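What follows is calculated from the coordinates using simple rules that are stated; it is not laboratory data. Owing to the predicted nature of the structure, the values given are computational and were not obtained by experimental measurement. Cβ placement follows ideal geometry from the backbone for every residue including glycine, while neighbour counts extend to all protein chains displayed.
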Amino acid sequence: MVLFSPKQISASQRKGPQLRCAPAYTILMKSPITVSITGAAGQIGYAILFRIASGFVFGEDQPVNLRLIEIEPGLPALKGVVMELDDCAFPLLREVVATTDLDEGFMGANWALLIGSVPRKAGMERADLLGINGKIFTGQGQAIARSAAKDVRVLVVGNPCNTNALIAMNNAEGIPNDRFFAMTRLDENRAKSQLAAKAGVHCSDVTNLCIWGNHSATQYPDFTNAKIKGKPVTDFISDTAWFEGEFIKTVQQRGAAIIAARGASSAASAANAAMDTVKSLITPTPEGDWHSVAICSDGSYGIAKGIMASMPIRTKADGSWEIVQGVPVSEFSQSKIDATINELLEERDAVKDLIPG
Ligand code: NAX
């Protein structure tokens, strides 16, 4: 712990230990945490860096080091992003490193946000994309194992995120599987928003919304267990055909709808969901609720062991997490879960050469 006054920190003072006293403004500060971010010059990177540096994610008493990883063509843009970070004069931001070197980028990382990956291009099969991006995540997994902090946690956003996370996890020797996550929170947020709009309530009234399976068009947003103001969602919406048809389709296709409307893929909402995911994993989950994130399956709910599948997760008071057990799975839900898990198994098989052992 160090004492410091936010007003006394300038860009040139960010490096190294800080010990400052200013009685009127003194805040008790923690040691900096290090957050490594790949694809930092991309759309999502641009939308996430400034909010992490501002203290929005880890708290207003938590200094942050940022280690920003890009490929060579992204470096000029990344340089501009670093200039803008400097120009914000964030009191909590201590050190910014911009690099193409994975070991330098993941050095001492407490959190690694793996956002960068190659987008799917016209004529590319899903299997091609899996292969191209898979190779990126073998190297990143290995570098995280070599260079990150012992308590590192890894959130994969870059698509196909479940299988990329599977590859990174299996190549990060020595890092426990329960430190790897793939993002389905954007899907959860989208689903909550759709339910709230249909029921005429605020989205914060919607809880217990689980995304099962893959972050893809097969994902299953489980309306059957969702609640509004603590009551079954069916107390507010009785239109079964809407739930089973339009609702699921809207959530599954929302990414494509954003691209059609905006001419570019979701970025601010994706960055927001990544921050929600991290916050939910470092904050105890409110009693009775859960959040969605893909984790390494232990076989719960009959989901194949070892794949990265989204399920209902609770964060405990000690900071560890657990799969919420006993969530009812209807026959309809089971058929949807089976479909998305089968897709994950196919993806796993397509990248088996990238998974050691
Ligand atoms: P951008 O194309 O804007 O940015 C990607 C950045 O990653 C680029 O700057 C690129 O130079 C960099 N990059 C590529 N390969 C890299 C590597 N090997 N190491 C480091 N950096 C690398 O994409 P953006 O809109 O930011 O999206 C990033 C990823 O998020 C994509 O894969 C996208 O599909 C995925 N998404 C995932 C979502 C989810 O819910 N899990 C939702 C949003 C988004 O679609």
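By the rule of a C-alpha distance below 16 Å, with chain neighbours fewer than 8 residues away ignored, the lysines paired with LYS135 are LYS352. Distance between the 7 Å Cα→Cβ label points at ARG120 and LYS30: 3.8 nm.
Within region 186-200, list the residues whose amide N lies under 12 Å from a label point set 7 Å along Cα→Cβ of ARG51. Only 186 fall inside the zone, counting backbone N under 12 Å.
Okay, helix-only estimate at 222 nm for the chain: each DSSP H run of n ≥ 4 adds -39500 (n - 2.57), divide by all residues, round to 500 deg cm²/dmol; what do you get? Calculated at 222 nm, the ellipticity per residue is -11500 deg cm²/dmol. Computed extension length for ALA256-ASP318: 18.5 nm, one decimal, from 0.36 nm per residue of separation with the Cα-Cα distance subtracted. Cα centroids of region 285-320 and region 99-131: 24 Å apart. Of all complete DSSP H helices in the chain, those with a Cα span along the helix axis of 27 Å or greater and a mean Kyte-Doolittle hydropathy of -1.0 or more are 126-147, 331-350. With R₀ fixed at 22 Å, the C-beta to C-beta distance from ASP353 to GLU331 puts the FRET efficiency at about 0.05.
Rg/Rh for region 82-182 (Cα atoms only, Rh after Kirkwood) is 1.03. The label-point distance for GLU173 and THR100, in a model that sets each label 7 Å from Cα toward Cβ, rounds to 2.8 nm. Go from 0 up to the bin containing the longest alpha carbon distance in the chain, width 10 Å each, and give me the % of pairs per bin. Per 10 Å bin, starting at 0, the Cα pair percentages come out as 5, 24, 33, 24, 11, 2, 0.
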